[in-house]
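The values are calculated or read from the model by the stated rules, or taken from the named source; none is laboratory data. This structure is a prediction, so every number in the text was calculated from the model and none was measured. We place every Cβ from the backbone using ideal geometry, glycine too, and count neighbours over all the protein chains shown. Accessible surface is based on the protein model in full, side chains and every heavy atom, while ligands, DNA and RNA are left aside. Shrake-Rupley method; radii C 1.70, N 1.55, O 1.52, S 1.80 Å.
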Amino acid sequence: MKKIKTPLVLLILALFIIPASCEPQADDSSSPSPVPIEADINNGDHRHRFLFVAGKLFPALSKLFISREKANSVVASLKHSFHLGDFLPLFIAGFALVPFTSFVYNTIPTAFLPAGMKEQIQDGEATGELTPRLVKREFDETLVSTIVKHLSELALIGIVAYAIDMMIVAGHEMGFSFPDSISQSIAISIYVLWMAVKFKAIKKHVIYQSWGKGPSADPGKAALVDHFLNFLVYSIAIVILLDMLALNMGVALSSFFAIGSAGTIIFGWATRDVATDFVSGLALTIADKFHPGEEIILADGTGGYIEKIGWMHTGFRCYNELKMGLPNTRLLKETIRNLSRCKSCQVVQTIRLKYSDIPKIESILASIKEEVKQACPSIITVGRPFRATLRDFQDDHITVVCDFHFNLPPSGDLYWDNRQKVLQAIDLAMRKHSKEFHQASSYTSGQINKRSY
């Protein structure tokens with residue numbers, strides 16, 4: 001098989017790399033001269049229109065082989081296009097502006113600095129006599145540092161754009177062709193993306209200063225708002241880029257998105273689930289059904305925590321620490337119980353007593369309610385059920401249902417600690433009356449104690 005492959009590969013390479021000049025030339029002056037391709041096409045020979053690789057690969061690769069004459073031409077063009085007066089300010093601003101500004105800032109005495117660059121500290125901790133003193137802030141913490149760093153980044157982007165200009169000049173000399181405004185379009189694209197990244201960082205800082213700190217901090221809401229605004233920033237940046245490319249390179253948006261009707265149907269059918277999940281992710285962000293870090297219960301009873309809300313999927317961590325990605329479409333359609341947003345909870349217990357305990361049932365139930373009330377200060381006694389009642393007669397026992405509500409969320413350590421106190425209070429009330437729980441021979445679904453929300 002290898003012996004067959006090698007000659008075949010060599011034959012294919014030979015067909016592609018043999019230049020047209022190697023074709024035999026007829027020395028008979030009477031023979032007809034070759035007809036140009038354009039003439040063939042005009043005369044109705046359209047076979048060259050459909051060639052994709054044949055006759056095009058070698059001319060493109062041959063431009064990468066630089067002869068001495070071509071190298072001299074490239075160097076001459078670069079010397080003619082390069083201007084030290086343009087490049088030097090960009091170089092200084094990009095690499096020397098921040099160190100120079102930092103040096104000047106550290107050299108100026110504190111007394112000559114404005115109030116925004118100074119902070120007050122307490123001296124004399126060793127002697128116990130604290131006296132306030134003004135000192136300089138760190139240079140990285142000042143507004144001047146932020147400004148000069150942004151100016152430096154702009155200059156560095158200018159250097160990159162300058163290097164791209166030189167590459168385009170060299171490419172023209174090597175025989176490559178580029179659109180007339182390719183350099184301007186690339187530079188504008190880089191600056192637009194840089195501004196989008198900077199705006200995203202500033203936006204995130206403002207959001208987390210507003211919702212991520214303080215007594216009313218809500219990091220999950222801050223992450224959700226930041227996620228939604230990221231979508232807006234990226235969308236605006238893409239629209240601006242496409243609009244600029246349409247103006248500078250003649251690429252109209254209508255032609256950019258124009259696809260054949262058949263292609264549109266195929267593409268839409270293939271990406272319908274992706275598009276649905278993306279739109280659902282945006283709808284989840286707007287609907288504010290849950291935040292990252294919140295505890296939820298899905299429609300099938302699966303419980304866990306939201307880790308991250310993505311554009312297509314939402315990261316979900318179950319109680320058993322297994323992680324999964326839930327499609328946003330499913331989360332948007334399902335009825336979800338958000339435990340983290342509940343302000344109150346319920347604890348229901350079904351206990352079994354003997355028939356011989358019926359004469360003392362009133363005092364037993366009163367003791368249960370009193371013990372629970374003393375053990376759990378967050379219990380709700382008005383406006384919510386506060387019950388310990390005889391519920392049913394069974395074959396060999398009676399059932400008592402204890403139903404209590406509390407001003408606590410139905411998740412987290414506070415809930416489980418409070419639930420434990422309820423159980424201990426019920427046990428204490430039973431011990432005070434020297435009563436024991438009846439051991440039933442079988443359990444029914446209605447007698448199994450479940451967590452209530």
Legend entry - Relative counts (whole %) of C-alpha pair distances in segment 159-210, using bins that are 5 Å wide: 4, 18, 18, 15, 12, 8, 8, 6, 5, 3, 1, 0
Inset, instruction - First measure r as the distance between the Cβ atoms of Leu151 and Leu84, then evaluate 1/(1 + (r/R0)^6) with R0 = 22 Å and state the FRET efficiency to the nearest 0.05. - result: 0.60
Inset, instruction - Using a 1.4 angstrom probe on heavy atoms only, work out the carbon and sulfur share of the accessible area of segment 300-360 in %. - result: 56
Legend entry - Label-point separation, Ala115 to Asn320 (7 Å along Cα→Cβ), nm: 6.2
Legend entry - FRET efficiency estimate (nearest 0.05) - Cβ-Cβ, Arg137 to Ala163, R0 30 angstrom: 0.25
Legend entry - Neighbourhood net charge (11 Å Cβ-Cβ; Lys/Arg +1, Asp/Glu -1) for Ala299: +1
Legend entry - Cross-link table Lys198/Lys308; Lys323/Lys343; Lys149/Lys308; Lys200/Lys289, entries beyond 30 Å C-alpha to C-alpha: Lys149/Lys308
Legend entry - Candidates per chymotrypsin sites (Phe, Trp or Tyr not before Pro) in segment 315-401, loop by DSSP, up to 16 other Cβ within 10 Å: Tyr319, Phe386
Inset, instruction - Using only the C-alpha atoms of segment 375-425, find the volume of their convex hull and express it per residue in Å³. - result: 95
Inset, instruction - Would you mind calculating the gained length between Ala76 and Phe386 on full extension (0.36 nm times residue separation, minus the Cα-Cα distance), in nm to one decimal? - result: 102.3 nm
Inset, instruction - Pop a pseudo-label 7 angstrom from the Cα along the beta-carbon direction at both Glu294 and Lys198 and give the gap in nm to one decimal. - result: 3.5
Inset, instruction - Rank these by accessible area, largest first, 1.4 Å probe: His397, His433, His172, His80. - result: His80, His172, His433, His397
Legend entry - Estimated FRET transfer efficiency when R0 is 30 angstrom, pair Leu64-Asp180 (beta carbons, to 0.05): 0.85
Legend entry - Percent carbon-and-sulfur accessible area, segment 388-427, ignoring ligands, DNA and RNA, probe 1.4 Å: 48
